[in-house]
1. By the gyration tensor of its Cα atoms, with a ≥ b ≥ c the square roots of the eigenvalues, what is the shape of the range 163-202: rounded for a/c under 1.5, prolate for a/b over b/c, or oblate?
2. For the chain, set up a Gaussian network in which alpha carbons nearer than 10 Å are linked by springs, and say which option among His107, His160, His128 fluctuates the most.
3. Could you rank the peptides 332-340, 14-22 by their average count of other C-beta atoms within 10 Å per residue, with the highest value first?
4. For the chain, modelled as a GNM with alpha-carbon contacts under 10 angstrom, which of Gln181, Gln114, Gln77 fluctuates the most?
5. Quickly work out the Asp305-to-Asp192 label distance, labels modelled 7 Å from Cα along the C-beta direction, and quote it in nm with one decimal.
6. What FRET efficiency would be calculated for the residue pair Glu207, Ala241, taking the C-beta separation as r and a Förster radius of 30 Å, to the nearest 0.05?
7. Nothing charged except the Cβ atoms of Lys and Arg (+1) and of Asp and Glu (-1): what's the magnitude of the dipole of the chain about its Cα centre? Round to the nearest 20 debye.
8. Please name which of Ala302, Gly315, Val284 has its Cα lying farthest along the dipole of the range 222-321 towards the positive end, using unit charges on Cβ (Lys, Arg +1; Asp, Glu -1) and the Cα centre as origin.
Amino acid sequence: MPTLFDPVEVGAIQAPNRIFMAPLTRARATRDAVPTPMMADYYRQRAGAGLIISEATGISREGLGWPYAPGLWAEAQTEGWKPVTSAVHEAGGRIVAQLWHMGRVVHPDLGGGQPVSASPLVAPGQAHTYEGKKDFVEPRAATVDDLRRIIDDYARAARHAMVAGFDGVQLHGANGYLIDQFLRDSSNVRDDGYGGPIANRVRFLREVIEAIAAEAGMDRTGLRLSPNGTVNGVGDSDGQALFTAAAMEMERIGLPWIEMREPGPQSTFRPTDEPPVSPAMRQVYSGKIILNSDYRLESGQAKLDEGIADAISFGRSFIANPDLVERLRDGDPLNHWDVDTFYSQGPEGYVDYPLRGAA
Ligand SMILES: Cc1cc2nc3c(=O)[nH]c(=O)nc-3n(C[C@H](O)[C@H](O)[C@H](O)COP(=O)(O)O)c2cc1C
């Protein structure tokens with residue numbers, strides 16, 4: 001059985017270890033969603049990860065509802081990412097771009113107009129805006145023409161990601177955003193070919209993956225899912241069947257890796273009593289499975305030993321420990337993360353976490 005410190009191939013990417021960095025929104029880009037120089041420092045510091053999955057990155061104005069999150073739809077954004085990917089590569093790392101359309105949880109104040117979703121169902125809760133939190137608004141159901149345009153937006157973002165020097169892309173299919181809104185029957189009540197039976201609800205995911213892969217290469221394309229639990233109000237009457245079917249579809253089209261945020265009841269990030277789906281997905285999917293949420297060295301290694309995971313992604317531990325891989329390898333204590341600076345715009349709590357021995 002491999003250890004977390006052994007190499008692994010995820011499609012065309014050779015990761016030297018199985019300790020990946022989970023996607024983490026940090027809100028350090030400009031209001032035009034252009035990456036800033038500070039972001040190059042942040043990702044360079046974390047280049048020891050087997051693979052860095054970037055923070056969620058908007059594919060279009062319409063799809064981006066997080067203040068100061070970056071994008072990949074405009075040339076200035078693509079240019080702004082180049083120093084980031086160069087910094088990671090110069091430090092010996094690898095980085096893929098997480099491609100994001102937030103669907104119904106984008107507030108119109110962000111400039112994209114009425115949000116789109118699978119169906120005109122308002123999410124519970126509040127949206128992020130530059131003026132603080134505001135109630136979610138009713139989305140309009142995407143027409144088939146909208147879907148063609150959005151698929152093109154995903155493809156354009158994937159193309160820009162490769163121009164910007166990323167090693168590949170990950171489709172953000174998790175956490176109640178647009179792809180997840182199509183997958184689940186609590187947010188998708190369409191009666192056309194994109195709604196109803198599971199095979200129809202998985203269709204948009206597959207079409208987006210195929211469009212992205214046509215630009216980045218299937219061997220440089222991955223996916224994130226959050227099969228259990230509820231985020232942003234999405235839920236499903238049979239998550240086991242839905243996500244097993246999604247994994248079968250990804251197997252059929254040859255997607256090389258799926259990363260999953262699968263919390264348990266004790267999780268410190270959106271806990272849930274819903275059981276994990278990854279064991280069932282493992283039975284039908286032969287690509288690499290990366291598991292996430294609340295992992296430590298021992299619990300992550302246990303998932304490798306069980307044969308369910310091929311790698312583990314770490315989120316908050318990577319925020320607080322740029323040298324996480326070395327610390328885990330040598331059994332050194334970990335810095336704790338500071339919640340107050342997760343989304344603050346400055347360098348504090350971003351590029352100033354101490355390396356071991358420097359505290
Ligand atoms: C500050 C913060 C930002 C996050 N941003 C993203 C994101 O951009 N995309 C995503 O898929 N998940 C995001 N997540 C979820 C994390 O990737 C991860 O699933 C979560 O932190 C649990 O893993 P951990 O226990 O290793 O931290 C975010 C979580 C945090 C705490």
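1. Here the range 163-202 falls in the prolate category.
2. Highest fluctuation of the listed residues: His128.
3. Working: 332-340: 13.3, 14-22: 22.7.
Descending mean neighbour count gives 14-22, 332-340.
4. Its mean-square fluctuation being the largest, the pick is Gln114.
5. Here the modelled spin labels are 5.1 nm apart.
6. Calculated transfer efficiency: 0.90.
7. The calculated dipole for the chain is roughly 220 debye.
8. Toward the positive end, the furthest listed residue is Gly315.
The values are calculated or read from the model by the stated rules, or taken from the named source; none is laboratory data. Everything numeric in this text was worked out from a predicted model, so none of it was measured. Using ideal geometry, Cβ is built from the backbone for each residue, glycine included, and neighbour counts are taken over all protein chains shown. Side chains included, ligands, DNA and RNA excluded: accessible areas come from the protein's heavy atoms. Shrake-Rupley method; radii C 1.70, N 1.55, O 1.52, S 1.80 Å.
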